[in-house]
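The values are calculated or read from the model by the stated rules, or taken from the named source; none is laboratory data. For clarity, every value in this text was computed on a predicted model and none was experimentally measured. Cβ coordinates were reconstructed from backbone atoms using ideal geometry, including for glycine residues, and neighbour counts include every protein chain displayed. In case anyone asks, the SASA skips ligands and DNA or RNA and just uses the protein heavy atoms, side chains included. Shrake-Rupley method; radii C 1.70, N 1.55, O 1.52, S 1.80 Å.
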Amino acid sequence: MAPVIDELMAALWDHLRPNPYSHFHAHTTMRILGKLGGRNRKFLSRPPELEYKPYADDESSIDIRVVGSAKERPFPARLGIDLAMSKLMEVPKAPAAKKSDGFHKQQALKLISTQIKLIIGSDNLPDDFAQLVRLQANDLADREFTVGTDLMTVSEREKSIPKKDADQESLKKLLKACMFAASLPDTKASASALLQDVYRHFTILEVGRALAYEKHRKKDFDVKAGEGPVCIDSSILADAMIETLSSDNAAVRDVAIEAVTAIRDAAVVVFGASDRIDKLPFFSHLAKTFSHSCHEEDWFVKAGGTLGIDVMANKIDMGDEWMILHQIDFIRALMYVMKDVPQDLPANTRIQAQYTLEILLRRCHSK
């Protein structure tokens with residue numbers, strides 16, 4: 001038992017839970033521990049498991065006073081995120097657990113939503129913020145990049161790039177969990193409201209980021225210039241959407257489809273017209289993400305990429321000019337899915353890829 005004693009003890013201790021957990025499992029676990037004759041006590045204090053971090057910056061923490069302690073101790077703010085995600089995806093079986101499942105899922109969503117707001121952050125907006133956003137959207141649509149300062153020359157080398165990457169990965173996991181919560185009846189209303197605000201937030205940020213990038217790209221190289229502000233990249237939302245589209249749950253996939261349409265509606269409001277939203281680079285990045293997913297090895301990722309291309313081609317109106325510009329990438333990705341998916345896997349992916357390809361060809365080459 002020595003090679004597996006650590007995993008065995010962890011599995012047994014996991015069954016030592018109070019009601020409404022199954023009494024049979026807990027009682028049987030106590031009998032097994034009694035048969036071991038006290039060997040389990042040798043593993044009560046194991047060597048501490050160290051977690052490697054690629055950055056030296058301090059994480060955000062919360063001061064909590066534990067029972068029996070004379071003073072408050074800092075605990076990481078991300079404490080409990082994995083437990084909240086697992087609680088959202090847990091399917092209770094016992095009748096007593098089913099009664100309290102809705103309450104626990106709502107509490108888990110509160111923790112996840114708080115973590116999302118903590119990572120995204122907040123700013124004090126000026127009174128004329130809506131006017132400033134519309135002016136930036138007009139400059140981006142009209143290709144006017146001579147007005148304003150170049151924000152991409154700002155140097156923030158004191159900030160940690162690996163910490164930003166770690167925060168982006170955490171944000172992607174939290175967004176996926178929130179999208180999953182939007183498919184559950186108990187948490188659908190609050191999760192959907194939060195996601196709608198996140199979609200609008202990232203759409204507005206993408207307008208400013210795209211305009212700043214275009215202004216910087218048109219200027220000459222400056223050796224003293226920085227690399228721009230270190231902040232969360234809005235492309236992380238596209239990664240969360242494609243992984244949600246690859247889910248085996250139809251309700252979860254519908255949430256990701258609603259995300260694409262919500263971003264499109266937010267872009268229409270920002271630009272003031274539906275025929276100008278193709279100037280937003282986020283949709284091009286989303287199209288590349290869907291196309292790249294069709295070339296992944298796993299078939300369910302291919303299914304997610306195919307569904308994403310179908311949404312871009314049929315569910316939202318990006319305009320014929322935008323579709324003609326991206327048709328080569330879409331056609332290449334869909335044909336690869338039709339050729340690469342084995343015959344022993346579900347044929348829905350190949351059928352959907354063929355259906356989307358036919359619609360795409362008719363739309364781009366009907367004139």
Of (1) more than 25 Å from residue 302 (Cβ to Cβ); (2) at pLDDT 90 or above, residue 244 fails just (1)
Close pairs (6 angstrom Cβ cut-off, 6 or more residues apart or separate chains): free of Cβ contacts under 8 Å to residues at least 40 places away in the same chain in segment 265-294, of a type in the set (Gly, Ala, Ser) and in a helix (DSSP H, G or I) anywhere: 268/274
Going through segment 1-27 one residue at a time, which ones are of a type outside the set (Gly, Ala, Ser), over 17 Å from residue 93 (Cβ atoms) and either in contact with a Ser or Thr (Cβ under 9 Å, 6 or more places away or on another chain) or part of a helix (DSSP H, G or I) (or both)? 3, 4, 5, 6, 7, 8, 9, 12, 13, 16, 27
Has segment 160-169 got at least one residue that is in contact with a Gly (Cβ under 6 Å, 6 or more places away or on another chain), of a type outside the set (Gly, Ala, Ser) and either touching a residue at least 24 places away in the same chain (Cβ under 8 Å) or in a helix (DSSP H, G or I) (or both)? no
Residue check, residue 146 against (1) under 23 Å from residue 201 (Cα atoms); (2) among the hydroxyl-bearing types (Ser, Thr, Tyr); (3) open to solvent by 40 Å² or more (accessible area, probe 1.4 Å), all met but one. Which one? (1)
Among the residues of segment 224-239, is there at least one that is under 21 Å from residue 144 (Cα atoms) and touching a residue at least 24 places away in the same chain (Cβ under 8 Å)? yes
Residues in segment 14-49 that are hydrophobic (A, V, I, L, M, F, W, C) and at pLDDT 80 or above: how many? 6
May I ask you to list the residues in segment 158-175 that are under 20 Å from residue 80 (Cβ atoms), acidic (Asp, Glu) and either open to solvent by 80 Å² or more (accessible area, probe 1.4 Å) or touching a Pro at 6+ places or on another chain (Cβ under 7 Å) (or both)? 169
Helices (runs of 4 or more DSSP H) contained in segment 58-152 and holding at least 3 residues without any contact (Cβ under 8 Å) to a residue 24 or more places away in the chain and farther than 26 Å from residue 191 by Cβ: 129-142
Output the helices (runs of 4 or more DSSP H) that fall wholly within segment 299-367 and possess 1 or more residues being among the polar types (S, T, N, Q), open to solvent by 10 Å² or more (accessible area, probe 1.4 Å) and in contact (Cβ under 8 Å) with a residue 12 or more places away in the chain, or say none. 320-340, 348-365
Quick test of your reading of the structure: residue 284 fulfils all but one of (1) in a helix (DSSP H, G or I); (2) open to solvent by less than 10 Å² (accessible area, probe 1.4 Å); (3) in contact with a His (Cβ under 8 Å, 6 or more places away or on another chain). Name the failing condition by number. (2)
Identity of the residue in segment 193-208, in contact (Cβ under 8 Å) with a residue 12 or more places away in the chain and open to solvent by 30 Å² or more (accessible area, probe 1.4 Å), that ends up nearest to residue 104 (Cα to Cα): 196
